[in-house]
Amino acid sequence: MAFWDGLWPRREAQFESGSAATNSIVLTRRHATVSLTKQGALTGNLRVNLSWQMRTSDIMGRSRQSGRLLRPLKLFQPEPVQAHTQGMVNVDLDLGCMYELKDGTRGVVQPLGNLLGDLNAPPYIRLSGDDRFGAPSGETVYVNLDQRDQIKRLLFFVYIYDQTPAFDRTHAKVTLYPGNGPRIEIELDEHAPEARSCAVFTVDNAKDELIVRREVKFVYGFQSELDRLYGFGMQWGRGYKSRT
């Protein structure tokens with residue numbers, strides 16, 4: 001597809017759900033689901049990574065745009081800057097996962113409360129750590145797919161911990177890395193400047209098939225509001241992180 005094709009709204013890309021060049025599947029509104037079963041990705045660990053960055057165009061305002069008028073193609077190439085760069089909005093994005101097991105057990109894996117989970121025992125989900133600065137490695141949750149028969153459903157979500165709501169400026173992305181097959185990418189690209197939480201995707205184990213479904217639903221509250229939307233029925237209280 002030519003470069004200019006992407007500039008015209010009537011000429012949409014024919015294949016939005018994948019990229020042969022990057023060996024990835026991109027979930028969008030139009031192509032919202034993918035079967036891990038059909039991808040042959042049912043063993044080993046499913047790695048789910050949250051990464052984000054901000055761009056100079058978000059904080060430098062229009063002052064730099066005047067110079068770019070002389071080089072119009074530069075308008076489409078803002079310079080990436082890591083989220084902890086001086087002068088940027090202070091945003092701490094966290095990745096979490098609500099789960100329901102086949103035996104009815106429900107809970108959450110998240111940085112708040114140090115609820116890091118366990119990969120080799122229930123809930124078979126483990127958070128690797130808490131990235132507070134938007135480092136390139138981001139935050140990662142692992143799901144033990146060798147124990148998939150014990151898992152009924154999962155909801156992966158992202159929230160802003162005790163900082164300025166700025167989802168529309170973080171350019172956040174969640175990427176799934178199955179043990180086999182292409183990675184799966186979900187951009188948190190919808191405009192919701194005041195939102196504090198986002199339901200990113202679900203994993204449902206139905207009829208022996210694991211289905212990943214893009215959600216990208218922004219809410220103005222936190223985990224309890226996401227819980228109400230998806231019916232996990234858990235009790236929530238105010239949580240805090242330890243100071244580092």
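Hey, can you rank 96-103, 25-32 by average C-beta count inside 10 Å, highest first?
Numbers: 96-103: 19.4, 25-32: 15.8.
Answer by packing, highest mean first, reads 96-103, 25-32.
Check ALA195: other-chain or 5+ apart residues with amide H under 5 Å from its amide H, H built from backbone geometry?
Excluding prolines and chain starts, which carry no amide H, the hits are PHE167.
Checking the table LYS102/LYS217; LYS38/LYS173; LYS173/LYS217; LYS38/LYS152; LYS102/LYS173 against a 22 Å threshold on Cα-Cα, which pairs fail? Walk me through the intermediate numbers first.
Details: LYS102/LYS217 25 Å; LYS38/LYS173 24 Å; LYS173/LYS217 14 Å; LYS38/LYS152 18 Å; LYS102/LYS173 29 Å.
LYS102/LYS217; LYS38/LYS173; LYS102/LYS173, as the Cα separations exceed 22 Å there.
No lab work stands behind these numbers, since they all come straight from the coordinates. Remember, it's a predicted structure, so these values are computed and weren't measured experimentally. Using ideal geometry, Cβ is built from the backbone for each residue, glycine included, and neighbour counts are taken over all protein chains shown.
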